[in-house]
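For reference, the structure discussed in these notes is given below.
Every number in this text was worked out from the coordinates using simple rules, so none of it is lab data. Being a predicted model, the structure only gives us computed values, none of them experimental. A quick note on method: Cβ atoms are made from the backbone with ideal geometry, for glycine too, and the neighbour counts reach across all protein chains shown.
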Amino acid sequence: FFGPNMASKPQPVAAPPLTGSTGGMYSPTTKLPPSPLRPSSSPTVDIKYTKSFDHNVPFTPRIITGNSHVALAEDIAALVGYEMRRDSAGVLLTPKLFANGEIDLKLLTCVRGDDVYVIQSTCPGPDRDVNTSIMELMLMLHTCRLASAERVTAVVPYFAYGRQSFMATPDTPIAAAAVSKLMLCMHVDQVITVDLNASQIQGFFHNVPLTNLSAIPVFRSYLHKAIRSQSHPSPDKLVVVAVGPANVARAKELGDMLGVWNYVSCITRRTEGGREIHKGHVRPSKKVLQLDAPDVCQGMVCIAVDDIIDTLSTTTNVVKLLMDSGAQYVISLATHGLFTNDACTKANECVGLREIIVTDTTPQAEHQAMCPKLTVLNVSGIVSTAIKRIHHERADKDDDWDTREWNQYDFDLASCPISTSEHEVWPQPSPDKSADIACPSP
């Protein structure tokens, strides 16, 4: 049977060429067959070890949001060319709360193969705390991933626990790293944030791309208009004050954009006297704020640059220090305004504080009603630009794109900063593929 005269062993029959769907794993030389999405006249594409995707037919973008900041998500969706819908046919997720407070999410439409952007600012609100917003974000990311979305991008304008990005003492956690690991466990593809509290948070996401947007151009546009209208003095009468060493770079960036060359750093130092014993260690009893060049503030208008305003205690101390140094008045500027406890009352009673300028990375409607000194700027322009760059796979430093975006942004800052008619229009989906909204029941 196995003798030398036995016919040669038959060779295996070659598998027929693949047809139909373009998804799956292919060899380096596999050619894609024609399909309804790719006409036969289009050039053949080589696929190498990955899911195939025809870039001539971009996948459908989808914008969803949680319940932490719906107004900002609606502004972003309007700028990228979609209208957020609240009717039952257009709702992407129907979150609700169980009797014990658990969040329940359910998809009503198919997001398979879509480019999903989940907008959720992890901030507190009247009916929620920070941890509820974070858990809601994780469940939305997890739901979209299980629904086979092609790409899931987390848009987090305000990143909670950002102030806990290092171990102050050996017995404290790195909370920012813990939140980042939670997002990584949900298999997020990209992350978009606005003015992280510390730059090292970007390293917590390892190999996941993170776009940390700067709100300084938004402040620059507003202050330019205020200077032109003579609401504030000219740049030679201004002093940019960095509140803490972490805001020195942001203060210099703002000063360069405004043409202000006077800089002052407000640094927290410990007192020399009045030492006390604490857990066996000798340490100074209290902290004080000091200016590195107090003479520069004499007769000037100071712009105090910070990244976050919480209880306003630091801001009021900085204002008092600047007024004692001879400043005319102080303008407080911060990206994120939380205004917890009685912060609005402190702002109204602070004599030297002329204006507080924040962005709408967190809801500010309630705070504006309580504090007439508060000015809120819209960041939907810079966030929508980042989303469009990611979807169209454009470089972050596209000179032509930046020029068109910011020229329009300078002159229409009040409501919708960017007109989508001048830019690439997103592919319009079918009626059941519109931008949708996810609002958990309170």
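Treating each Cα of the stretch 328-389 as an identical point scatterer and summing with the Debye formula, the log10 of I(q)/I(0) at q = 0.17 Å⁻¹ comes to -0.59.
Charge tally for THR375 (other residues, Cβ to Cβ under 12 Å; Lys, Arg +1; Asp, Glu -1): +1. For ALA304, nonlocal amide neighbours, meaning residues 5 or more places apart or on other chains whose placed amide H falls under 5 Å from its own, are VAL241, ILE331, SER332, LEU333. Taking a sphere under 13 Å around the Cβ of TYR158 and counting the other residues whose Cβ falls inside, with K and R at +1 and D and E at -1, yields a net charge of -3. Applied to the stretch 355-361, the Karplus parametrisation 6.51 cos²θ - 1.76 cosθ + 1.60 on θ = phi - 60° returns per-residue 3J(HN,Hα) values of 8, 10, 10, 9, 9, 9, 5 Hz, with x for Gly and Pro.
Past 25 Å, Cα to Cα, is the threshold; run LYS252/LYS346; LYS225/LYS252; LYS237/LYS373 against it and keep the listed order. Pairs exceeding 25 Å: LYS252/LYS346. For ILE119, the residues 5 or more places off, or on other chains, whose built amide H falls under 5 Å of its own are ILE64, THR65, GLY66, VAL155. Phi angles of the stretch 133-143 translate, via the Karplus equation with coefficients 6.51, -1.76, 1.60 and θ = phi - 60°, into HN-Hα couplings of 5, 5, 5, 4, 4, 4, 5, 5, 4, 5, 5 Hz per residue; Gly and Pro are given as x.
The Rg/Rh ratio of the stretch 183-271, with Rg taken over Cα atoms and Rh as the Kirkwood radius over Cα pairs, comes to 1.11.
Convex hull volume of the Cα atoms of the stretch 107-207, normalised per residue: 105 Å³. Across the stretch 175-192, coupling constants 3J(HN,Hα) worked out from phi with the 6.51/-1.76/1.60 Karplus curve, θ = phi - 60°, read 5, 4, 5, 5, 5, 4, 5, 4, 5, 5, 5, 7, 6, 6, 8, 8, 9, 10 Hz, and Gly and Pro carry x.
Net charge within 13 Å of ILE174 by Cβ-Cβ distance, Lys/Arg positive one each and Asp/Glu negative one each, not counting ILE174 itself? Result for the local shell: +1.
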